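Reading through the structure tokens given below for one structure.
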Number of protein chains: 2
Amino acid sequence: MARALELARAAAAAGEVPVGAVIVDGATGRELAAAHNRVETDHDPTAHAELLVIRAAAARARSPRLSGCDLYVTLEPCPMCAQAIAFARLRRVYFGAYDPKGGGVDHGPRIFAQPTCHHRPEVYGGIEEQAAAILLREFFAGRRG
Amino acid sequence: MARALELARAAAAAGEVPVGAVIVDGATGRELAAAHNRVETDHDPTAHAELLVIRAAAARARSPRLSGCDLYVTLEPCPMCAQAIAFARLRRVYFGAYDPKGGGVDHGPRIFAQPTCHHRPEVYGGIEEQAAAILLREFFAGRRG
């Protein structure tokens, strides 16, 4: 999660919403992909950190399925990313700050709890929550200032 | 929708779930992007037709927001794609077959009806429904055979 927070800081420095994500091989802990949010830079509304690492790790694995891999992300995934996590069959999701306004795991549509969701990762929320939340708060306070 | 169905047929020929999508400028009707599902070909669990056209149209527009653009897709969008449609601020969504098992618009989490969803496109379902459904049925029957 320290690595994901570092990426979130880099996102903020690039003018992007500070969210960072890393995918690791669950067995070895080896990092397979790392990214931060790049929506504005890439002109891509889908370029959330989670989608970018899933795409990169799947390309590297030469498979759309990442069973046995774990995701670390500094913010609760939105519904788009949560569904992508289910499609990718990730084993575990560790996330930082909870997101009552935009989250899709513990809030909103609670994607993994839907009867139509065919893969449910283990989810651990609130990991280094404070550090992730402070980054987001400072970023949005700066934008309003 | 005829163009989207054509793309869905091309997807089936490539061994991909037959779903095609097109984004047009709502004012002029000009096609901005077209794609079919490429999950297996690209080793990318997020490579649904809708996500691919949204990314392509946004890259072309050099903006993550596609206000005033309309999406035609042969199948009801899944929750991942529905949320991406909301992020992209698409004006209208025309879809073909309803998808009770995997859809996220009229089924499952009904993304656009969530209080946390900040943009709701106009949605028209069941457009050329039969043609889209037959394509999907034949594809899955062929895979089981």
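The values are calculated or read from the model by the stated rules, or taken from the named source; none is laboratory data. Every value quoted in this text rests on a predicted model; they were computed, and no experiment measured them. Because the Cβ atoms are built from the backbone with ideal geometry, glycine has one as well, and the counts that use them run over all protein chains shown.
Applying the selection to segment A:55-90, what residues are under 22 Å from B:Gly102 (Cα atoms) and surrounded by fewer than 19 Cβ atoms within 10 Å (Cβ to Cβ)? Let's see the steps before the verdict.
Going through segment A:55-90, the residues under 22 Å from B:Gly102 (Cα atoms) turn out to be A:55, A:58, A:63-67, A:77-90.
Scanning segment A:55-90 gives A:Ser63, A:Arg65, A:Ser67, A:Arg89.
Yes/no matrix, rows are residues, columns are (1) among the polar types (S, T, N, Q); (2) modelled with pLDDT under 95:
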position	(1), (2)
B:Gln83	yes, no
B:Arg89	no, no
B:Gly96	no, no
B:Pro100	no, no
B:Val105	no, no
B:Gly108	no, no
B:Phe112	no, no
B:His118	no, yes
B:Pro121	no, no
Take the residues of segment B:99-135 that are part of a loop (DSSP other than H, G, I, E, B), touching a helix residue (DSSP H, G or I) at 6+ places or on another chain (Cβ under 7 Å) and surrounded by 17 or more Cβ atoms within 10 Å (Cβ to Cβ): which is farthest from the other protein chains (Cβ to nearest Cβ)? B:Glu128
Here are some conditions: (1) closer than 22 Å to A:Ala2 by Cβ; (2) charged (D, E, K, R); (3) surrounded by fewer than 18 Cβ atoms within 10 Å (Cβ to Cβ). A:Arg144 meets all but one. Which one does it not meet? (1)
Residue pairs qualifying under the 6 Å Cβ cut-off, at least six apart or on distinct chains, with the first in segment A:26-47 being over 26 Å from B:Glu50 (Cβ atoms) and the second being in a loop (DSSP other than H, G, I, E, B), are A:Gly26/A:Gly68; A:Gly26/A:Arg91
Subset tally (residues that are in contact with a helix residue (DSSP H, G or I) (Cβ under 9 Å, 6 or more places away or on another chain), within 13 Å of chain B (Cβ to nearest Cβ) and in a loop (DSSP other than H, G, I, E, B)) for segment A:16-62: 10
Looking only at segment B:73-98, which residues are assigned to a loop (DSSP other than H, G, I, E, B) and more than 9 Å from every other protein chain (Cβ to nearest Cβ)? B:Glu76, B:Pro77, B:Leu90, B:Arg91, B:Tyr98
Which numbered condition B:Thr41 misses (of (1) within 19 Å of B:Gln130 (Cβ to Cβ); (2) among the hydroxyl-bearing types (Ser, Thr, Tyr); (3) over 15 Å from the mean Cα position of the chain (by Cα)): (1)
